[in-house]
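Below is one structure, written out as structure tokens; the observations come after it.
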Amino acid sequence: MKNRDSFLVLLLVALVGTSLFLSGITWWRLYSENGDVQAEVSALSVVDLADVITPDRVVLHFGQDMHSVLYPDTPFYGEAWDFARKILHGKELVEVKNANLDDENLRQKVGMELFFPVPLPVDFLTKVFNMNVGQQAIPHERLVNSVTMIEEDGLSVFFKGSDGKFYGLKNRQSSFELKQLLERARRENLSVYIYLPPAKINVEFEEGIYVPVSTMQDDLPVLAFKHEKTPSQSTIAQFFPDFSATRKIEEKDGAVVYTDGNRGIRIYPNGAIEYSRPLPRELKAGSDFYEALKIAVNFINTHGGWPNDVYLSGYKVVQNQRTSYTFNFGIRINGLPLLSQSEYLTVTVEENQVSRYFRNIVKENKVLYKIQPISPIQALDTAIAIYNLKGITSLELSYLISEDTLIPVWTIESHSGRIFINAKNGEAINF
Amino acid sequence: MRRLIGITALSLCIVFLLFIMADAKEEFVLNRPKEDFVTTQGYVIVSGETVADTSVVVLVNGEKKETIRVGASGLFVTQADIELGKNVITVKVVFPSGEEEIVSRNVYRLDKDMNLKSLSSIIQALKLLILQ
């Protein structure tokens, strides 16, 4: 009898132990796959196109030559972008003719400027922000680089075009909220930046740059990264109208191809996917930039989910017999662009149909250590000294994949190509 | 006649050479602060550009505050503390050739409580006061 009780007690302990062990494993797996679950869940909600074109940086102008540069992960960035969206929503946009506006003048005023990662068509922006164009027609092909909001007897708002033209809100708003926002930002003791105008003595620098005044900048993490999980069967099935009619082909390099004879999807060993669907020649639906981007974003959202920190980094419009829009989406790490020679997320839309989709998302995994980035002037000094550069077009802080880590780098664009300077030690990186 | 042409050509060459030598003078631009810059901050930004390997000395009201060795980009930025009222920011550059250049700018620091909207009138009043 005693032996039987002991056996039952042992059995009970073993069962409870096994139960705890299995629950632990389940929770651990759920935790580690949290990012992927989030992406799948996001497929249930609609992605706002304003979240796809979030500015690369917001420059706050406090007046008296004082500025702050906000990147997507810094405090007040979200508040500034939300404020801009609220101000633009539903307003009437007009072309500002004979505008007596120059950048230097605008920079000296109290306000802020939001820079888009890529120049965007003005009619697209009016749709995103639900604006009216009024009776004055603005040509569709005009591109906008940034939105400027300045305090000038009220709030003046301008879209600054790539061609130097300005578009403004027809009616002036109250600047009360902007002033309050800037005052809150000022009290937060954000890093102070100074604007350096285009250089021309030792090196030709086409753009001016904002540089931090203090030599002590905010730390940046060096990160380990991982690729997105290999898509599940249910995700793969979403690419086909009838998944039971598909054939599965396993290739020598480890890639797996699914095809129904019309469309196909290749799943690479690292989890990247490439989908293609040739369109019939006679198909002609006609679409504009706004509709095409909406289709691309919805497609991403329903085929793997809309990943966090993804933004529209570039696009190509080809007009032949039909118009094709290829949208490139970039990834931001810690609010800075992750540069790569290969693509991360690309969608081609032709006649309202997605004809190509490539997805190879990289995610930060864990912080390895933090570094104190060198100043942009130090980075420029190094690049010019090593490569004897004479002309520079842009300079920005970004992330780069180096072996198994994501490292912060200064990216310098010159007429002869891109140069990367390690933000930790100022060493040039071969890429 | 030939001699005259020769002398003229030689003179022209000398003038051309002198012109090139004058033009080869090393360059320096002081971007900030602007002349008569007004601020309520306790410091001003001093920035500019020049040729590489130049030494830049920043003085506030004649007192040496900082020396910067300019790198290959030729760009430099620093900040200098200022006092209430008028301050003279002097930037002395010593080019690699040993040649020197000095640029001075007047800047005005106002009390934070002052209304910045009427700065232009205040600066005029301040200038008049100082001139007297």
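Report the residue count in region A:164-187 for those that are modelled with pLDDT of 85 or more and of a type in the set (D, E, K, R).
Total meeting the criteria: 6.
Taking the criterion of being within 14 Å of another protein chain (Cβ to nearest Cβ), polar (S, T, N, Q) and open to solvent by 10 Å² or more (accessible area, probe 1.4 Å), would at least one residue in region A:404-416 satisfy it?
yes
Looking at region B:55-90 only, could you name the residues that are farther than 22 Å from residue B:40 by Cβ, at the interface with chain A (Cβ under 10 Å from one of its Cβ atoms) and under 14 Å from the mean Cα position of the chain (by Cα)?
B:75, B:76
Given the criteria modelled with pLDDT of 95 or more and open to solvent by less than 50 Å² (accessible area, probe 1.4 Å), does residue A:279 qualify?
In short, no.
Tell me, please, whether a residue that is farther than 30 Å from residue A:103 by Cβ and in contact with a strand residue (DSSP E or B) (Cβ under 9 Å, 6 or more places away or on another chain) can be found in region A:201-221.
Checked region A:201-221: at least one residue is farther than 30 Å from residue A:103 by Cβ and in contact with a strand residue (DSSP E or B) (Cβ under 9 Å, 6 or more places away or on another chain).
If you check every pair at least six apart or on different chains, which have Cβ atoms under 6 Å apart with a residue in region B:26-37 that is in contact (Cβ under 8 Å) with a residue 12 or more places away in the chain first and a residue that is among the acidic types (Asp, Glu) and surrounded by 15 or more Cβ atoms within 10 Å (Cβ to Cβ) second?
Qualifying pairs under 6 Å: B:28/B:101; B:29/B:49.
Restricting the search to region A:176-206, which residues are in contact (Cβ under 8 Å) with a residue 12 or more places away in the chain and more than 13 Å from chain B (Cβ to nearest Cβ)?
Passing the criteria: A:177, A:178, A:181, A:182, A:184, A:185, A:188, A:190, A:206.
Being within 27 Å of the chain's Cα centre (by Cα), open to solvent by 80 Å² or more (accessible area, probe 1.4 Å) and over 18 Å from residue A:378 (Cβ atoms) is the filter; apply it to region A:208-238 and report the residue that is farthest from the other protein chains (Cβ to nearest Cβ).
Checking each candidate, the answer is A:238.
For residue A:107, are the conditions met, namely being among the charged types (D, E, K, R), over 25 Å from residue A:140 (Cα atoms) and surrounded by 15 or more Cβ atoms within 10 Å (Cβ to Cβ)?
Yes; evaluated as a whole, the condition is true for this residue.
Please enumerate the residues belonging to region A:70-117 that are assigned to a helix (DSSP H, G or I), at pLDDT below 85 and of a type in the set (D, E, K, R).
Within region A:70-117, A:103, A:104 qualify.
Restricting to region A:158-170, name every residue that is touching a Lys or Arg at 6+ places or on another chain (Cβ under 9 Å) and open to solvent by 10 Å² or more (accessible area, probe 1.4 Å).
A:162, A:163, A:165, A:166, A:169, A:170
Checking residue A:149 against (1) touching a Gly at 6+ places or on another chain (Cβ under 7 Å); (2) of a type in the set (A, V, I, L, M, F, W, C); (3) assigned to a loop (DSSP other than H, G, I, E, B): exactly one of these is not met. Which one?
Against the list (1) touching a Gly at 6+ places or on another chain (Cβ under 7 Å); (2) of a type in the set (A, V, I, L, M, F, W, C); (3) assigned to a loop (DSSP other than H, G, I, E, B), residue A:149 comes up short only on (3).
Consider residue A:152 carefully, then state whether it is touching a residue at least 12 places away in the same chain (Cβ under 8 Å) and farther than 30 Å from residue A:317 by Cα.
Yes, satisfied.
Quickly run through region B:59-81 and pick out the residues that are of a type in the set (A, V, I, L, M, F, W, C) and within 19 Å of residue A:193 (Cβ to Cβ).
Those that are of a type in the set (A, V, I, L, M, F, W, C) and within 19 Å of residue A:193 (Cβ to Cβ): B:68, B:75, B:76, B:77, B:80.
How about region A:335-431: which strands (runs of 3 or more DSSP E) wholly inside it have at least 1 residues that are over 30 Å from residue A:280 (Cα atoms) and touching a residue at least 24 places away in the same chain (Cβ under 8 Å)?
In region A:335-431, A:336-339, A:362-371, A:391-402, A:405-414, A:417-422 are the strands (runs of 3 or more DSSP E) which contain 1 or more residues that are over 30 Å from residue A:280 (Cα atoms) and touching a residue at least 24 places away in the same chain (Cβ under 8 Å).
Looking at region A:399-419 only, could you name the residues that are touching a helix residue (DSSP H, G or I) at 6+ places or on another chain (Cβ under 9 Å) and among the aromatic types (Phe, Trp, Tyr)?
Result: A:410, single match.
Residues to consider are A:330, A:304; find the one that is part of a loop (DSSP other than H, G, I, E, B) and open to solvent by less than 30 Å² (accessible area, probe 1.4 Å).
A:304 is the lone residue from the list that is part of a loop (DSSP other than H, G, I, E, B) and open to solvent by less than 30 Å² (accessible area, probe 1.4 Å).
Quick one: which of A:245, A:255 is open to solvent by less than 20 Å² (accessible area, probe 1.4 Å) and outside the structural domain of residue A:399 (by TED's automatic domain parsing)?
So the residue among A:245, A:255 that is open to solvent by less than 20 Å² (accessible area, probe 1.4 Å) and outside the structural domain of residue A:399 (by TED's automatic domain parsing) is A:255.
Do any strands (runs of 3 or more DSSP E) lying entirely in region B:6-101 carry at least 3 residues that are β-branched (Val, Ile, Thr) and at pLDDT 95 or above, and which ones are they?
B:55-60, B:85-94
Considering (1) open to solvent by less than 10 Å² (accessible area, probe 1.4 Å); (2) out of contact with any Phe, Trp or Tyr (no Cβ under 6 Å at 6 or more places or on another chain); (3) among the hydrophobic types (A, V, I, L, M, F, W, C); (4) under 27 Å from residue A:265 (Cβ atoms), say which one residue A:349 fails and leave the rest.
Tallying (1) open to solvent by less than 10 Å² (accessible area, probe 1.4 Å); (2) out of contact with any Phe, Trp or Tyr (no Cβ under 6 Å at 6 or more places or on another chain); (3) among the hydrophobic types (A, V, I, L, M, F, W, C); (4) under 27 Å from residue A:265 (Cβ atoms), residue A:349 fails exactly one: (2).
Can you spot a residue in region A:309-319 that is hydroxyl-bearing (Ser, Thr, Tyr), out of contact with any helix residue (DSSP H, G or I) (no Cβ under 9 Å at 6 or more places or on another chain), crowded, with 19+ Cβ neighbours inside 10 Å and part of a strand (DSSP E or B)?
Yes: region A:309-319 contains one or more residues that are hydroxyl-bearing (Ser, Thr, Tyr), out of contact with any helix residue (DSSP H, G or I) (no Cβ under 9 Å at 6 or more places or on another chain), crowded, with 19+ Cβ neighbours inside 10 Å and part of a strand (DSSP E or B).
For region A:66-90, name all the residues that are within 24 Å of residue A:214 (Cα to Cα), open to solvent by less than 10 Å² (accessible area, probe 1.4 Å) and away from every other protein chain (no Cβ under 14 Å).
A:70, A:80
The values are calculated or read from the model by the stated rules, or taken from the named source; none is laboratory data. These numbers come from a predicted model, not from an experiment. All Cβ positions, glycine included, derive from the backbone under ideal geometry; neighbour counts span all protein chains shown. Just so you know, the surface numbers come from the protein's heavy atoms only, side chains and all, with ligands and any DNA or RNA stripped out. Shrake-Rupley method; radii C 1.70, N 1.55, O 1.52, S 1.80 Å.
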